[in-house]
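J.: Have a look at this one.
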Amino acid sequence: MPTEAHRDKAARAAKVDKAARAGRTGRTAARQVGTARIAPAAPLTERQEARRRRILHACAQLACRGGFDAVQMRAVAESSQVALGTLYRYFPSKIHLLVATMQDQLEHLHGTLRKKPPAGDTPAERVAETLVRAFRALQREPHLADAMVRALIFADRSVSPEVDQASRQTMMIILDAMELSDPTADQLAAVRVIEHTWHSALITWLSGRASIAQVKSDIETACRLMDLTTPQHTDVR
């Protein structure tokens, strides 16, 4: 039977899905109804999952060495030891592959953050610490970070499932840092704004238009939105 922790996690993930849909349509989470737009894919077999992991690893390695331009589908196929046609069945394009790689990197980062949670006293402090740590993790591999962010920028509607997965993973990282099992609609709205700020700060740093100190300041400023969603603020008439 599912444990209470698993139920809380599932409920929070459902709220994240609802918030993500609200972000795409411009409506608030409270107004969202109905089911998710994309039906879940059939689970991969153990062999298929292993093949997918090899592909993502090969993509990340190529991007680390040469950035966006180094990630060529034929090179990824050769490095991961899969047929080119098989690669395209998993990922229809280079953009699909790089966005999926970003989701995979964020999932790995999430696991690392869970082992050493942020130590701030307030949700705003914990979220800021978490996102600065996430930024510094990406900073260690700037070519990979640049390739993944460029893929997000170039992604069209056909890549929506992969983009949604990356966004959902970022939101889950933020919600874990908040330590809230049942976030309100206002808190989820603040999470979306913080997520957008984090991605924007990453883009401006990668393009050389912002220093690391500026990125840190922007993230901390956005995270103060958490303070505005606490009961003492929201209950004021």
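The values are calculated or read from the model by the stated rules, or taken from the named source; none is laboratory data. As the structure is a computational prediction, the values presented were derived from the model and not from experiment. Accessible surface is based on the protein model in full, side chains and every heavy atom, while ligands, DNA and RNA are left aside. Shrake-Rupley method; radii C 1.70, N 1.55, O 1.52, S 1.80 Å.
J.: Per-residue HN-Hα couplings for segment 67-73, Karplus 6.51 cos²θ - 1.76 cosθ + 1.60 at θ = phi - 60°, whole Hz, x for Gly and Pro?
T.: 3J(HN,Hα) across segment 67-73, in whole Hz: x, 4, 5, 6, 7, 10, 4.
J.: Return the sequence-ordered ³J(HN,Hα) values of segment 103-108 in whole Hz as given by the Karplus equation 6.51 cos²θ - 1.76 cosθ + 1.60 applied to θ = phi - 60°, using x for Gly and Pro.
T.: Calculated HN-Hα couplings, in order: 4, 5, 5, 5, 5, 5 Hz.
J.: Continuing with this model, one more query. Please say if segment 64-121 is rounded, prolate or oblate, where rounded means a/c under 1.5 for a ≥ b ≥ c the square roots of the C-alpha gyration tensor eigenvalues, and otherwise the choice is prolate for a/b larger than b/c and oblate otherwise?
T.: prolate
J.: When the Cα centres of segment 184-221 and segment 53-78 are compared, how far apart do they sit, in Å?
T.: 27
J.: For segment 38-113, with every protein chain kept in place, what is the accessible area per residue (1.4 Å probe, Å²)?
T.: Accessible area per residue, segment 38-113: 54 Å².
J.: Just to check I understand the Karplus step: with θ = phi - 60° and J = 6.51 cos²θ - 1.76 cosθ + 1.60, what whole-Hz values come out for segment 44-49, glycine and proline as x?
T.: Once θ is set to phi - 60°, the couplings for segment 44-49 become 6, 6, 4, 5, 5, 5 Hz.
J.: Once you have a ≥ b ≥ c as the square roots of the Cα gyration tensor eigenvalues for segment 119-220, tell me rounded if a/c is under 1.5, and otherwise prolate or oblate according to whether a/b is larger than b/c.
T.: oblate
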